[in-house]
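The values are calculated or read from the model by the stated rules, or taken from the named source; none is laboratory data. Nothing here was measured: the structure is a model prediction, and the numbers come from that model. Positions of Cβ are backbone-derived with ideal geometry, glycine not excepted, and every protein chain shown enters the neighbour counts.
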Amino acid sequence: MTAPPAASVTSEGTREVPIVIEATGLTKRYGDLTAVDHLDLRIREGEIFGLLGPNGAGKTTTILMLTGLTEPSAGEARVLGADPVREPLEVKRRVGYLPEHVALYDELSARGNLAFTADLNGIGAAEARHRIDAALDRVGLAVSAERKVREFSHGMRQRLGIADVLIKRPSLVVLDEPTLGLDPVGVEELLDIILTAAREERMTVLLSSHQLMQVQRICDRVGIFSAGKLVASGPIAELAEQLAEGLTVVEIALSPATPEAAAELRRIPGVVDVTPEDGMWRVRAHGDVRSGLARAVVQRGWSLTHLRQRDFGLEEIYLRYFEGQP
């Protein structure tokens, strides 16, 4: 049995967080199609990491390789210290995986489904009862424990899928499009369940999704996939800083909105450029120049209707990497 990755101590005496997932050059080809192309990825213990990209970008194929459900064409991976190719059972023992389409037994009750999973994982009867009650309570299905799953709504099935993953108390949870098909309220509730479980159970989570707002809401870091390649990775704040190229971006709307007015704004110390955007001017500058902009507008007797420092969200970051792509 492979030992779990041990935490090391840095020269400064601080604890270095163990790496839970490490992929190097991971590649998967299907004939002439390269689904995943030389993926390098590291995810540390306790992170919620979002794999973000459109359908067909390579997210699910990456998950299948990391969970030992398909072999890579090249490269290698370690998951909780184990090789998914040579030690798939060890990986499955310690990883909880919720696929896009949840596999449940419709003729069994919610409790019956979880009991079946507990038995498959060698959990004793008394311990299984305790874990099942806790999991059902966590996902809000305690009152529906004895109902047949065929009577469940889509949202209830997704909740039960999360409970099924939590039964074996995994160190790593992998979720592939867990909110697909849910209404907005159901999405928020499921994301809260995932976030709370991850923090309270000290789990690492790998979340695959093409829903930007969902990824931004709960993920510590994101990896953006495009055509099988990981084109960007990091905390959203860092990716936003890269997008701004180290400059502060300010939106300003004023009257008159003339080229002459824009030329005046360009003369303000620190301003790099002023460009029109969506009926306003976008000002890029070294540092916060809002007070200088406002002062210039007042001194010239213009009308100021909007002034805001712009923080780039995940949607703008995502679109930046997919500009010009179908």
Those residues of segment 246-276 which are assigned to a strand (DSSP E or B) and surrounded by fewer than 12 Cβ atoms within 10 Å (Cβ to Cβ) amount to 255, 275, 276
(message) Tell me whether segment 277-291 contains one or more residues that are surrounded by 12 or more Cβ atoms within 10 Å (Cβ to Cβ), under 30 Å from residue 29 (Cβ atoms) and of a type in the set (Gly, Ala, Ser).
(response) no
*Just to be sure, is residue 125 surrounded by fewer than 19 Cβ atoms within 10 Å (Cβ to Cβ) and modelled with pLDDT of 95 or more?*
no
Screening 185, 173, 231, 205 for residues that are closer than 19 Å to residue 60 by Cβ, surrounded by fewer than 16 Cβ atoms within 10 Å (Cβ to Cβ) and modelled with pLDDT of 85 or more leaves only 231
Q) Any residue in segment 66-75 that is under 19 Å from the mean Cα position of the chain (by Cα), modelled with pLDDT under 90 and within 24 Å of residue 179 (Cα to Cα)? A) no
Of (1) of a type outside the set (S, T, N, Q); (2) at pLDDT 85 or above; (3) buried (at least 18 other Cβ atoms within 10 Å of the Cβ); (4) more than 30 Å from residue 294 (Cα to Cα), residue 212 fails just (2)
If I filter segment 131-145 for residues that are touching a helix residue (DSSP H, G or I) at 6+ places or on another chain (Cβ under 6 Å), touching a residue at least 40 places away in the same chain (Cβ under 8 Å), within 21 Å of residue 179 (Cα to Cα) and surrounded by 19 or more Cβ atoms within 10 Å (Cβ to Cβ), do I get at least one hit? yes
Wholly inside segment 88-194, helices (runs of 4 or more DSSP H) that include 1 or more residues that are out of contact with any His (no Cβ under 9 Å at 6 or more places or on another chain) and of a type in the set (Ser, Thr, Tyr) are 110-120
Being without any contact (Cβ under 8 Å) to a residue 60 or more places away in the chain, in the same structural domain as residue 40 (by TED's automatic domain parsing) and not polar (S, T, N, Q) narrows 217, 300, 282 down to just 217
Over segment 19-54, the set of residues within 15 Å of the chain's Cα centre (by Cα) and under 15 Å from residue 226 (Cβ atoms) is 41, 50, 51, 52, 53, 54
Note on residue 58: of the conditions (1) on the phi > 0 side of the Ramachandran plot; (2) of a type outside the set (Phe, Trp, Tyr); (3) without any contact (Cβ under 8 Å) to a residue 60 or more places away in the chain, unmet is (3)
Might you let me know whether segment 70-82 holds any residue that is out of contact with any helix residue (DSSP H, G or I) (no Cβ under 8 Å at 6 or more places or on another chain), in the same structural domain as residue 135 (by TED's automatic domain parsing) and in a helix (DSSP H, G or I)? no
When (1) under 21 Å from residue 37 (Cβ atoms); (2) at pLDDT below 90; (3) in the same structural domain as residue 28 (by TED's automatic domain parsing) are applied to residue 239, the one that fails is (3)
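Against the condition farther than 27 Å from residue 187 by Cβ and either assigned by TED's automatic domain parsing to the domain that holds residue 167 or in contact with a Pro (Cβ under 9 Å, 6 or more places away or on another chain) (or both), how does residue 119 come out, does it pass?
Spelling it out, residue 119 is indeed farther than 27 Å from residue 187 by Cβ and either assigned by TED's automatic domain parsing to the domain that holds residue 167 or in contact with a Pro (Cβ under 9 Å, 6 or more places away or on another chain) (or both).
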